[in-house]
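What follows is calculated from the coordinates using simple rules that are stated; it is not laboratory data. Just so we're clear, the structure is a prediction, and the values are computed from it rather than from any experiment.
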Amino acid sequence: MQTWQKIYATRNPAEASIIQGMLEENNIAVQIMNKQDSSYLNFGDIELYVPAVLAETAKQLVAKNLLN
């Protein structure tokens, strides 16, 4: 069984989607868990999870791409 680790959280659905696409382009599987309230979007986050063995690589990719 594969363990997943949270690598990023945001309240912006577009940002989550862009990061998901970037990670998938780099052959890293991504799961998105939307914990936002359906009525009040300022409550809760959208969390991105990757396999634990790839978490450090994914974090580095996210950090690198957020700086650009």
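Quick look at the values:
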{"quantity": "Length-normalised contact order of the chain in % [C-alpha pairs under 8 Å, at least 6 apart]", "calculated": "42"}
{"quantity": "Prolate/oblate/rounded label for region 4-67 (Cα gyration tensor, a/c 1.5)", "calculated": "prolate"}
{"quantity": "Residue-span extension gain [S39 to K64] - 0.36 nm each, minus C-alpha spacing", "calculated": "5.7 nm"}
